[in-house]
Amino acid sequence: MPAYLTRGSVPPKRHTQLPRAEGGFAYEELMGNNGFSSASALLYHERIPSALVDARTWILPDQALTPNIPLLPRHLRPHELFKEVDLPDQDVVTGRRLILGNNDVRISYAVGHATSPLYRNAVGDECVYVESGSGALRTSFGPLPVRAGDYVVIPCGTTHQWIPDAGGQPLRTYCIEASSHIGPARRYLSADGQLLEHAPYCERDIHGPGEPEIVTGSEVEVYVKHRSSNAPGVAGTIHVMAHHPFDVLGWDGHLYPFTFSIHDFEPLTGRVHQPPPTHQVFEGAGFVVCNFVPRKVDYHPLAIPVPYYHSNVDSDEVMFYCGGNYAARQGSGIGAGSISLHPAGHTHGPAPGVYQRSPGTEQVDELAVMVDTFRPLGLGEGARASEDAGYAWTWSEPAPRS
């Protein structure tokens, strides 16, 4: 879990009074995971944080999932989902297009120039990768600057708002929404929760929010994504709150949003090709997140520096190619901004010719985010609308059989 932080004003002992300037004392909110038996934070509000004055349904974008039948590897082009003329009016919350999903995780893509509404995911944690653009994430804990290359990890139930920088590039975001919590791989952590020496990053690379903004206001709308009995298990509601949720005087704890830059990940290399878990950065229930960054490659004199052909017998593999040059799939149509799905049951690997040409390569210049899931992924509306229908045949390149 992230290291302990404190921001703003908190009383010397928890669950005791914090005086307000106007008289009386602040309203304490305990925000905790796993039935308050895991990471938590205590926030101190100026006003009652649960004061609700109205509610209505938020009609979410299409959440339907289509099974990957017949079983095929897929190449998706999410950049094609967004037209430049529409970006000034779009935001990266309400504009998300569902790409892939199952009951454990939903992967969406969104682009926009507009400020998002106040938003809270009450289903699980979010891990949002910023492909390009910059801006700020305002939260009830305080603001976080965000920039290209950042993973932005937002705990379940955190009210927040995305604000792209004015006059800059639109925010392009790859959104991993869990039905659980997201944190560092457990093998990287000591029994006390500290990142160990063999971990590819440490606490110094994790950046928490600044001081709370203490925003005032009333009759504020908060868009809430929450659990539902309907597939794929999510629904939307707009809560109208009596008071602005960013009225926090202070907080402390181990639970808060943070950023981690993919450029601060220190790759682990070896004499021969290293397996995918070497590249892991986070995990959630039913999935893991890995990243591939520029690095020196295998240095055994007979090494084959590109990935061996492999079959994920327990998982579907999703790769988002977000920068550099991914040499292993040259000639397949994969490029910057592509998403590939290689499902369990299909052996995949380098494009034809790449494997034989790779000896002698000393380093790779690639940037990619990988999600491996342990239950099969269905195809969302965004996948169906952006698929490269010829990708499955790129290893043998025949015309597809009818």
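Students often check this: by mean Cβ neighbours within 10 Å, which of 149-155, 45-51, 320-326 ranks highest, and how do the rest follow?
The most tightly packed comes first, giving 149-155, 320-326, 45-51.
Considering only protein heavy atoms, what is the solvent-accessible area of SER218 at a probe of 1.4 Å, reported in Å² to the nearest 10?
SER218 has an accessible surface of roughly 80 Å² with all protein chains in place.
Around VAL297, which amide H atoms from residues at least 5 apart in sequence, or from another chain, sit under 5 Å from its own amide H, with H modelled in the peptide plane?
GLN363, VAL364
May I ask you to evaluate 6.51 cos²θ - 1.76 cosθ + 1.60, the Karplus curve with θ = phi - 60°, for each residue of segment 60-75 and list the ³J(HN,Hα) values in order in whole Hz, giving x for glycine and proline?
Ordered by residue, 3J(HN,Hα) equals 5, x, 3, 9, 5, 10, 9, x, 7, 10, x, 5, 9, x, 10, 10 Hz.
Tell me which residues come under 5 Å, amide H to amide H, from LEU249 once H is placed; ignore anything under 5 positions away on its chain.
TYR44, HIS45, GLU46
Loop only by DSSP, 16 or fewer other Cβ within 10 Å of the Cβ. Give me the chymotrypsin sites (Phe, Trp or Tyr not before Pro) in segment 1-71 that pass, ordered by residue number. Walk me through the intermediate numbers first.
Values: sites: TYR4, PHE25, TYR27, PHE36, TYR44, TRP58; in loops: TYR4, PHE36, TRP58.
The qualifying sites are TYR4, PHE36.
Taking a cut-off of 18 Å between Cα atoms, list the lysines near LYS296, but don't count ones fewer than 8 places away on the same chain.
Within the straight-line limit of under 18 Å, LYS296 reaches no lysines at all.
Of ALA110, MET31, LEU100, which is farthest on the positive side of the dipole of segment 1-123, counting Cα position, with +1 on Lys and Arg Cβ, -1 on Asp and Glu Cβ, and the Cα centre as origin?
MET31
Could you run the Karplus curve 6.51 cos²θ - 1.76 cosθ + 1.60 with θ = phi - 60° over segment 195-200 and give me ³J(HN,Hα) per residue in whole Hz, x for Gly and Pro?
Once rounded to whole Hz, the list reads 5, 7, 5, 7, 5, x.
Can you tally the net charge around LEU196? Count Lys and Arg as +1, Asp and Glu as -1, for every other residue whose Cβ sits under 12 Å from the Cβ of LEU196.
-1
Roughly how many Å is it from the Cα centre of segment 138-183 to that of segment 84-98, as a whole number?
15
Restricting to Cα pairs below 8 Å that are 6+ residues apart, what does the relative contact order work out to for segment 38-171? Please round to a whole percent. Present the calculation step by step, with values, prior to reporting the outcome.
Details: 210 pairs, mean separation 28.2, N = 134.
Reported as a whole number, the value is 21 percent.
For the chain, build the charge dipole from Cβ charges (+1 Lys, Arg; -1 Asp, Glu) around the Cα centre, then report which of TYR308, TRP251, PRO11 sits farthest towards its positive end.
It is TYR308.
Hey, which lysines would be in cross-link range of LYS225, C-alpha to C-alpha under 22 Å, not counting anything within fewer than 8 residues on its own chain?
Candidates past the 8-residue exclusion: nothing left.
Taking the structure as given and computing Rg/Rh (Cα atoms, Kirkwood Rh), which label from (i) 1.05; (ii) 1.15; (iii) 0.99 fits?
Answer by label: (iii).
Before rounding to the nearest 500, sum -39500 (n - 2.57) across all DSSP H runs of length at least 4 in the chain and divide by the residue total; then give [θ] at 222 nm in deg cm²/dmol.
Taken over the chain, the calculation gives -500 deg cm²/dmol.
With all distinct Cα pairs included, what does the Kirkwood hydrodynamic radius of segment 191-231 come out to in Å, to one decimal, could you say?
After inverting the mean inverse Cα-Cα distance, the result is 15.7 Å.
Just reorder ILE238, ILE163 by solvent-accessible area, largest first, 1.4 Å probe, all chains present.
ILE163, ILE238
What does the net charge come to around LYS296 if you take all other residues with beta carbon closer than 14 Å to its beta carbon, with K and R at +1 and D and E at -1? Numbers along the way, then the final one.
Working: positive: ARG271, ARG295; negative: GLU266, ASP298, GLU362, ASP365, GLU366.
Once positives and negatives cancel, what remains is -3.
For GLY183, enumerate residues with amide H under 5 Å from its amide H, sequence gap 5+ or separate chain, H modeled in the peptide plane.
The answer is GLU283.
Going by the alpha-carbon gyration tensor, a ≥ b ≥ c the square roots of its eigenvalues, is segment 276-402 rounded (a/c under 1.5) or, if a/c is not under 1.5, prolate (a/b greater than b/c) versus oblate?
Taking the square roots of the gyration eigenvalues as a ≥ b ≥ c, segment 276-402 is oblate.
When the Karplus curve 6.51 cos²θ - 1.76 cosθ + 1.60 is applied with θ = phi - 60°, which whole-Hz ³J(HN,Hα) does each residue of segment 174-187 get, with x for Gly and Pro?
10, 9, 9, 9, 8, 9, 9, 9, 10, x, x, 4, 4, 5
For segment 1-138, count all C-alpha to C-alpha pairs, find those more than 25 Å apart, and express that count as a whole percent of the total. Each step should come with its number before you reach the end.
Numbers: 4852 of 9453 pairs.
Counting pairs separated by more than 25 Å, the tail of P(r) holds 51 percent.
Which whole-number percentage describes the relative contact order of the chain, with Cα contacts under 8 Å and a sequence gap of 6 or more?
That works out to 22 percent.
Of the trypsin sites (Lys or Arg not before Pro) in segment 238-341, which ones lie in a loop per DSSP and count no more than 13 other C-beta atoms within 10 Å?
Hits after loop and neighbour filter: ARG271.
With the cut-off at 1.5 for a/c, could you classify segment 192-345 from its C-alpha gyration tensor as rounded, prolate or oblate? Working shown, then result.
On the way: a/c = 2.59, a/b = 1.73, b/c = 1.49.
Prolate is the answer for segment 192-345, as a/c is 1.5 or above and a/b outweighs b/c.
Over segment 137-252, what is the relative contact order in whole percent, taking alpha-carbon pairs under 8 Å and six or more residues apart? Before the final figure, lay out each step's value.
On the way: 135 pairs, mean separation 33.1, N = 116.
Over segment 137-252, the number comes to 29 percent.
Please compute the net charge surrounding TRP58, taking Lys and Arg as +1 and Asp and Glu as -1 over other residues with Cβ under 12 Å from its Cβ.
Details: positive: ARG56, ARG120, LYS225; negative: GLU221.
Result for the local shell: +2.
Placing unit charges on C-beta atoms (Lys and Arg positive, Asp and Glu negative, everything else neutral), compute the dipole magnitude of segment 278-330 about its Cα centre in debye, rounded to 20.
Dipole magnitude for segment 278-330 comes out near 300 debye.
For segment 70-172, what does the alpha-carbon gyration tensor say about shape, rounded, prolate or oblate, given a ≥ b ≥ c as the root eigenvalues, a/c under 1.5 as rounded, and a/b over b/c as prolate?
Judged from the Cα gyration tensor, segment 70-172 comes out oblate (a/c at least 1.5, b/c at or above a/b).
The values are calculated or read from the model by the stated rules, or taken from the named source; none is laboratory data. What you see is a predicted model, and the numbers here were worked out from it, not measured in a lab. Using ideal geometry, Cβ is built from the backbone for each residue, glycine included, and neighbour counts are taken over all protein chains shown. Surface areas here come from the heavy atoms of the whole protein model, side chains and all, with no ligands, DNA or RNA. Shrake-Rupley method; radii C 1.70, N 1.55, O 1.52, S 1.80 Å.
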